[in-house]
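**Q** The following block contains the structure, expressed as structure tokens.
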Amino acid sequence: MMRNFILIFALFWLPCACQRGAPPVELPESAPLTGPEVTIHKLPPVEIHLKEIDPAGLKAEIEKHKGKVVLVDFWALWCPMCLESFHHLSEWYLKYSEEGLVIITISLDEDSPESRKKVTEYLQKQRVPFATFISREGPTAASMRDFKIEGDALPHCQIYNREGAHVISLGNYNPDQIYDEPSISAALKKQFSQ
């Protein structure tokens, strides 16, 4: 009986003893970065200084950048499509900033301390290297109207040429001018080929 006990004990502990001397198990490498993460990691960490803006302030910002192509992007944390496509702004910045692209983002989130904190944290996580604003009016119908956002729908962008003239708006209202990566890329490419 004792012999059986010793045999069972040895069979049980033998595999455990063998594992102690085995080389350590290598952990798999971390998962590869996604497309958005690759873009974000190309940018240095930033400190965001979110400023309020209204339509008059936006007009002044665009005037300030005459001689450059200006992309104004309207977005909000409550807009899933905005967040999903936000990294493209950084891609365009990396691709065209040396050719004269200026990007201005305007958050249409509520202008409150809590909301500002969340917007700032999101922008810092995205490492945005361009101008960041929050609408003074927040996500109101008046704000949509005053900023000329067709159909009151986000995301929405407006592109201005080097003379400061509005050339195209892309959003989710007009099916011929839809807000998506291919349409915005084509519109920017057109500006830089002129």
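**Q** Name the residue, out of I168, I106, that is surrounded by fewer than 19 Cβ atoms within 10 Å (Cβ to Cβ), of a type outside the set (F, W, Y) and at pLDDT 90 or above.
**A** That would be I168, the only listed residue that is surrounded by fewer than 19 Cβ atoms within 10 Å (Cβ to Cβ), of a type outside the set (F, W, Y) and at pLDDT 90 or above.
**Q** Scan the range 173-194 for residues that are surrounded by fewer than 17 Cβ atoms within 10 Å (Cβ to Cβ) and within 22 Å of C79 (Cα to Cα) and report the count.
**A** Qualifying residue count for the region: 11.
**Q** Taking the residues in the range 162-194 that are under 22 Å from the mean Cα position of the chain (by Cα) and among the β-branched types (V, I, T) as candidates, determine which candidate is nearest to K95 (Cα to Cα).
**A** I184
**Q** Looking at the range 132-143, which of its residues are touching a helix residue (DSSP H, G or I) at 6+ places or on another chain (Cβ under 7 Å) and surrounded by 15 or more Cβ atoms within 10 Å (Cβ to Cβ)?
**A** T132, I134, S135, E137 - these are the residues of the range 132-143 that are touching a helix residue (DSSP H, G or I) at 6+ places or on another chain (Cβ under 7 Å) and surrounded by 15 or more Cβ atoms within 10 Å (Cβ to Cβ).
**Q** Take the conditions touching a residue at least 12 places away in the same chain (Cβ under 8 Å) and either touching a Lys or Arg at 6+ places or on another chain (Cβ under 6 Å) or open to solvent by less than 40 Å² (accessible area, probe 1.4 Å) (or both) and apply them to V128. Does it pass?
**A** Yes: the conditions hold for V128.
Residues checked against (1) in a loop (DSSP other than H, G, I, E, B); (2) free of Cβ contacts under 8 Å to residues at least 12 places away in the same chain; (3) surrounded by 14 or more Cβ atoms within 10 Å (Cβ to Cβ):
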residue: V46; (1), (2), (3): yes, no, yes
residue: H49; (1), (2), (3): yes, no, no
residue: E63; (1), (2), (3): no, no, no
residue: K66; (1), (2), (3): yes, no, no
residue: E84; (1), (2), (3): no, yes, no
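**Q** I've got another one for you. For the range 109-121, indicate whether the set of residues that are open to solvent by 40 Å² or more (accessible area, probe 1.4 Å), farther than 22 Å from I62 by Cβ and touching a residue at least 40 places away in the same chain (Cβ under 8 Å) is non-empty.
**A** yes
The values are calculated or read from the model by the stated rules, or taken from the named source; none is laboratory data. Note that this is a predicted model, so its numbers are computed, not measured. With ideal geometry, Cβ positions are generated from the backbone for all residues, glycine too; neighbour counts draw on all protein chains shown. Each accessible area value is taken on the protein alone, full model and side chains, heavy atoms only, with ligands, DNA and RNA left out. Shrake-Rupley method; radii C 1.70, N 1.55, O 1.52, S 1.80 Å.
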